[in-house]
């Protein structure tokens with residue numbers, strides 16, 4: 001689902017979200033999906049999906065910070081685990097952080 005140019009979409013985003021999205025654009029190039037509130041890249045490097053959002057989420061662990069980018073990957077548990085836990089890939093979220 002292609003949409004408007006991502007660089008134009010993020011111009012109205014809050015500073016922390018816009019800066020984070022621009023870093024991902026610089027690193028991974030053209031998006032696969034773009035809306036007014038979210039940019040998405042599929043299958044870039046080890047990542048199943050990378051999502052930069054207009055909304056950012058503050059947290060205090062391990063230190064006060066704000067997140068606006070999610071990086072997801074597929075993780076298959078070791079075969080030594082019970083079959084119920086290895087029957088399908090697990091989607092693992094790694095959150096990229098921007099300092100406020």
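Look through 43, 49, 76, 88 and report the one residue that is farther than 20 Å from residue 17 by Cα and modelled with pLDDT of 90 or more. Spell out the reasoning first.
Values: 49 fails: farther than 20 Å from residue 17 by Cα; 76 fails: modelled with pLDDT of 90 or more; 88 fails: modelled with pLDDT of 90 or more.
Checking each option against the conditions leaves just 43.
With the structure loaded, tell me whether residue 51 is free of Cβ contacts under 8 Å to residues at least 40 places away in the same chain, touching a strand residue (DSSP E or B) at 6+ places or on another chain (Cβ under 9 Å), assigned to a strand (DSSP E or B) and surrounded by 11 or more Cβ atoms within 10 Å (Cβ to Cβ) or whether it fails that test. Answer is yes for this residue.
From the list 67, 60, which one is modelled with pLDDT under 95 and more than 13 Å from the chain's Cα centre (by Cα)?
Numbers: 67 fails: more than 13 Å from the chain's Cα centre (by Cα).
Step by step, each of 67, 60 is checked, and only 60 is modelled with pLDDT under 95 and more than 13 Å from the chain's Cα centre (by Cα).
Restricting attention to the stretch 39-48, which residues are outside any strand (DSSP E or B) and at positive phi? Before the answer, list the steps.
Pass one, the stretch 39-48, residues outside any strand (DSSP E or B): 45-46.
Answer for the stretch 39-48, where residues must be outside any strand (DSSP E or B) and at positive phi: just 45.
Could we say that residue 31 is surrounded by 14 or more Cβ atoms within 10 Å (Cβ to Cβ) and either at pLDDT 90 or above or not in a strand (DSSP E or B) (or both) here? Lay out the reasoning, then the answer.
Values: surrounded by 14 or more Cβ atoms within 10 Å (Cβ to Cβ): yes; either at pLDDT 90 or above or not in a strand (DSSP E or B) (or both): yes.
Considered against the rule, which asks whether it is surrounded by 14 or more Cβ atoms within 10 Å (Cβ to Cβ) and either at pLDDT 90 or above or not in a strand (DSSP E or B) (or both), residue 31 comes out as yes.
Every test in (1) more than 12 Å from the chain's Cα centre (by Cα); (2) surrounded by fewer than 16 Cβ atoms within 10 Å (Cβ to Cβ); (3) at pLDDT below 95; (4) at negative phi is passed by residue 94 save one, and that test is (1). Among the conditions (1) surrounded by 14 or more Cβ atoms within 10 Å (Cβ to Cβ); (2) outside any strand (DSSP E or B), residue 36 misses just one, which is (1).
The values are calculated or read from the model by the stated rules, or taken from the named source; none is laboratory data. Bear in mind that the values here come from a model prediction, so they are computed numbers and not experimental data. Don't worry about glycine lacking a Cβ; one is built from the backbone with ideal geometry, like all the others, and counts go over all protein chains shown.
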